[in-house]
Structure formats: C-alpha cells, structure tokens
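Read-outs: derived from the displayed coordinates by stated rules, not from any lab. This is a predicted model, so every value here is computed, not measured. Every residue, glycine as well, gets a Cβ built from its backbone with ideal geometry; the counts of neighbours run over all protein chains shown.
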Amino acid sequence: MRNFTYRDVLNLYRTGKFPMSDSRTSQQFVIVEPDMRGIIPLDGLHISRSLAKFMRSTDLTLTIDQAFDAVVWACAQPRPTEGGGTWISDSLRQLYRLFLDMGHAHSVEVWQDSELVGGLFGVTIGGAFFGESMFSIRPNASKLALVHLVERLNAGGFTLLDTQYLTDHLESMGGIEIPQSDYLKLLPNALKIRGDFTALDHPITMFETTPVDLSPKDANPEA
C-alpha cells in the first residue's frame with residue numbers, strides 16, 4: 001500500500017485492522033484483519049509468584065518514550081522463529097516515529113544501568129492501546145514492561161489493550177483470544193475515550209535511570 005498516508009494507517013486501526021510488512025526493505029505493507037484477536041483485559045493481568053518476587057528484588061529500571069526508536073529497532077530484528085525475517089520494515093519504523101511525534105505512539109523501556117535490555121511499543125488512539133511488539137535481552141525484562149504498561153493504561157483511563165495475536169508469552173500474562181467480531185464491538189467504545197498515557201501520577205517502581213546506550217545487542221523480539 002505505497003500511497004497510504006499516516007491518516008489512512010490510523011484509520012486502519014480505527015476499523016480493526018493493522019499494517020504489516022514482509023521484510024525490512026519492503027516499501028509496501030499488507031492490511032491485516034485476523035479472524036481471532038489477541039487482547040489483554042486490563043483487569044486480568046496475571047503476575048506469577050516468581051515474577052512478583054523478581055519485581056521486588058530487581059535492579060532493572062523503567063522509562064517511557066525515552067528510547068522509542070531503539071525499542072522499535074530492537075523489535076524489528078530478525079526472528080529465528082519466523083525464518084529470520086521481520087514484519088517491521090524501515091518504512092513502518094518511520095511511520096511509528098511520526099506517530100510518536102503526533103502523540104499516537106508510545107514505548108516502555110527497561111534498563112540495566114545504562115543498557116536497554118527490554119521494552120515494548122504500540123499505537124494509541126483514544127482509550128485503545130494497539131500493542132505492536134516487545135523484546136528482551138534479559139530474563140523478565142519484557143514482562144516488567146508489560147506490567148508497567150497495564151498499570152499506566154489503567155491509570156490513564158484506557159479500556160482496550162490489543163495484542164493483535166495471542167502468543168504463549170502473552171497468554172502466560174493473562175492474554176486471551178476473542179473473535180474479530182467481538183473485538184469490533186469493544187473497539188468503538190474504546191476509541192471514544194480520551195485516554196491519557198501520562199496520567200500515572202506516582203513514582204514508578206524501578207523507574208529512574210539515565211539512558212545512555214540506545215542500541216541493544218542481541219535483541220530477542222517477542223511479539
């Protein structure tokens with residue numbers, strides 16, 4: 001879809017669809033509308049005992065929107081489970097950056113000292129967060145990002161966390177799969193809400209850090 005504008009792409013999300021490319025260098029993307037849709041109910045996040053214990057003792061820290069480009073880059077790295085390819089093309093990376101500048105995209109970053117070790121990003125419209133991808137190069141890093149994301153979405157009045165597809169990783173955190181027809185019933189109400197991604201007004205556990213290294217090595221994309 002070479003001639004699509006950013007407004008056209010935002011409208012894809014508003015109608016229950018999303019873009020994907022078939023390679024890093026592709027100048028086109030396909031419009032995807034799965035029969036079954038992955039979501040995480042914002043009141044249904046599952047935190048295992050081992051993860052809760054890890055969260056109490058970890059020295060990992062969190063930020064938001066401080067290393068958006070690096071998070072998207074890490075998520076776009078080739079995936080061995082998908083034949084060594086990626087669905088995030090350079091063109092889509094540029095589009096996501098434009099959405100960030102417009103306030104329609106956000107990232108959560110996880111740091112170990114000054115090294116970016118995990119994170120996620122997604123597109124936001126109204127009270128819907130359309131999760132695009134996540135990565136980690138340290139155990140539990142992406143899980144910490146997801147826990148914080150859900151906390152932030154709840155604080156900001158969001159009602160829908162769309163994960164596109166359901167993976168084992170997401171299912172272990174409370175993700176479920178619903179028919180696209182049910183998803184399309186949830187979406188309009190979420191779009192009417194004025195979600196605020198910055199509404200979280202208390203100090204974030206594992207949050208404060210001074211980002212330095214914005215080029216994670218050996219990234220492991222997870223969604």
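When the Cα centres of the range 95-152 and the range 13-67 are compared, how far apart do they sit, in Å?
Taking the Cα centre of each part, the range 95-152 and the range 13-67 sit 7 Å apart.
5 Å is the cut-off here: which amide hydrogens, built 1.01 Å from N in the peptide plane, fall below it relative to S107, excluding neighbours closer than 5 in sequence?
For S107, whose amide H was placed from the backbone, the distant partners under 5 Å are D65.
First select every other residue whose beta carbon is under 12 angstrom from the beta carbon of R97; then total the charges, Lys and Arg +1, Asp and Glu -1.
Working: positive: R93; negative: D65, D69, D90, D101.
Its environment carries a net charge of -3.
Output the peptides 180-190, 42-52, 126-136 sorted from most to least packed, where packing is the average of other Cβ atoms within 10 Å over each peptide's residues. Show your work: numbers first, answer last.
On the way: 180-190: 14.7, 42-52: 12.5, 126-136: 24.0.
Per-residue mean Cβ counts within 10 Å order the peptides as 126-136, 180-190, 42-52.
Please order W111, W73, W87 by the number of other Cβ within 10 Å, starting at the fewest. Write out the running numbers ahead of the final one.
Numbers: W111 27, W73 19, W87 22.
Sorted ascending by nearby Cβ count, the order is W73, W87, W111.
What residues qualify as long-range amide H neighbours of F18, i.e. H under 5 Å apart, gap of 5 or more or another chain, H built at 1.01 Å from N?
V32
With a 10 Å Cβ neighbour count serving as the proxy for reagent exposure, in which order, fewest first, do I39, I137 appear?
Numbers: I39 22, I137 18.
Starting with the residue having the fewest Cβ neighbours, the order is I137, I39.
Along the principal axes of its C-alpha atoms, what lengths does the range 6-221 span, in descending order and rounded to whole Å?
42, 37, 32
Give the long-range amide H neighbours of S133: residues separated by 5 or more places, or on another chain, with amide H under 5 Å away, using H modelled in the peptide plane at 1.01 Å from N.
F121
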